[in-house]
Amino acid sequence: MGKSKGGRRRQAGAEAVVESVDGGLAELIPDRERVRAWTLVIDGAPQSHVDLDDPAYLSFEYQRRLGHVIDLVAPPGRPVHAVHLGGGALTLARYVAATRPRSTQQVVERDGTLVQLVRRELPLDPNARIRVRSTDAREGLAKVPDGWADLVITDVFSGARTPAHLTSTEFLDDVRRALKPSGVYAANLADGPPLAHLRGQIATAAARFEELALVADPAVLRGKRFGNAVLVASDHPLPVAELTRLAASDPHPARVEHGRTLTDFTGGAAPVTDTAAVASPAPPASVFR
């Protein structure tokens, strides 16, 4: 299946690794432009990209934007406590470990079979302090001690949709419990026109956090196409100017909305509670073509 001892890969002609996992059919597809880089695809939907030789390299747009958030939480080299809800190929946990050695991280990934596949085919740095729990995201979050995390990142998709129970004010109550007073929450959200899910998620975060920012492709914000948006929240002022500069310098520049403009963007959407929560909308098939 294109693997050899110790997780080392042939530098040319590597083959895809295809296995069934709890969440569907997983494929690890070699990157033809980077020697030991791989893209994780589940049921045809790209999930993560990992470069084993350069774990600080972030290929996917939304992961680059989450990387910017990480960089603004603490300067390079300063260890952090991070919680990742949703693991995928552990891309962002690898990024934190590479850029901030001695960081302590908890990853919650429900798909235990996927975790086994990723650990076997894309081994973690044995010195990285990364603990992976194979359980539901909210159950895993509940085990994080009060005030432990500098950063909580939610990037959970089941069948390309964020599960309903990770979209509510009650969920964010537990996120805030786990965060330090100065901590930052970031979520990868996916939506398309008419952006009802995205507007509701902003309203939900605004009901629980003092400061918000949204990073997204302008076409997504205008409701022109389906895509990802990164929501950032904290009870302390966010470094909006720096985030704006970083997002604008990406290969695919993004816009940062905050303050009154972001409030207006919600269009009066109400916060989402557990009793009313629904999963995020499924992406159109054309997104992955």
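Counting only residues that are surrounded by fewer than 16 Cβ atoms within 10 Å (Cβ to Cβ) and closer than 24 Å to residue 224 by Cα, segment 171-200 holds 3 of them.
Out of the residues in segment 101-120 meeting the condition of being touching a helix residue (DSSP H, G or I) at 6+ places or on another chain (Cβ under 8 Å) and either polar (S, T, N, Q) or open to solvent by less than 30 Å² (accessible area, probe 1.4 Å) (or both), tell me which one is nearest to residue 39 (Cα to Cα). Among them, the one singled out is 109. Of all residues being assigned to a loop (DSSP other than H, G, I, E, B) and modelled with pLDDT under 95 in segment 135-189, which is farthest from residue 49 (Cα to Cα)? Just the residue, please. Top of the filtered list is 159. Please indicate, with yes or no, whether at least one residue in segment 40-48 is outside any helix (DSSP H, G or I) and closer than 21 Å to residue 247 by Cα. The answer is yes; a qualifying residue exists.
Here residue 57 meets the list (1) under 16 Å from residue 184 (Cβ atoms); (2) within 16 Å of the chain's Cα centre (by Cα) almost entirely, failing just condition (1). Scanning segment 142-170 for residues that are hydrophobic (A, V, I, L, M, F, W, C) and either within 29 Å of residue 75 (Cβ to Cβ) or crowded, with 19+ Cβ neighbours inside 10 Å (or both) gives 144, 148, 149, 151, 152, 153, 156, 157, 160, 166. Just one residue in the set 66, 92, 58 is at pLDDT 95 or above, open to solvent by less than 50 Å² (accessible area, probe 1.4 Å) and assigned to a loop (DSSP other than H, G, I, E, B); that residue is 58.
Look at residue 154 and say whether it is among the polar types (S, T, N, Q) and within 17 Å of residue 230 (Cα to Cα). The answer is yes for residue 154. So is residue 34 at pLDDT 95 or above, open to solvent by 40 Å² or more (accessible area, probe 1.4 Å) and in a loop (DSSP other than H, G, I, E, B) or not? Here the answer is yes, as residue 34 does meet what is asked. Looking at segment 124-134, is at least one residue of a type in the set (Ser, Thr, Tyr), within 25 Å of residue 49 (Cβ to Cβ), surrounded by fewer than 23 Cβ atoms within 10 Å (Cβ to Cβ) and at pLDDT below 95? Within segment 124-134, not a single residue is of a type in the set (Ser, Thr, Tyr), within 25 Å of residue 49 (Cβ to Cβ), surrounded by fewer than 23 Cβ atoms within 10 Å (Cβ to Cβ) and at pLDDT below 95. Pairs meeting the criteria (first residue in segment 105-130 and in contact (Cβ under 8 Å) with a residue 24 or more places away in the chain, second residue buried (at least 16 other Cβ atoms within 10 Å of the Cβ) and among the aromatic types (Phe, Trp, Tyr), beta carbons under 8 Å, at least 6 apart or on different chains) are 121/38; 122/38.
The values are calculated or read from the model by the stated rules, or taken from the named source; none is laboratory data. Because the structure is a prediction, the values reported are computed rather than measured. Note that we place each Cβ from the backbone using ideal geometry, even for glycine, and neighbour counts take in every protein chain shown. To get the accessible areas, we keep the full protein, side chains included, count just its heavy atoms, and leave off ligands, DNA and RNA. Shrake-Rupley method; radii C 1.70, N 1.55, O 1.52, S 1.80 Å.
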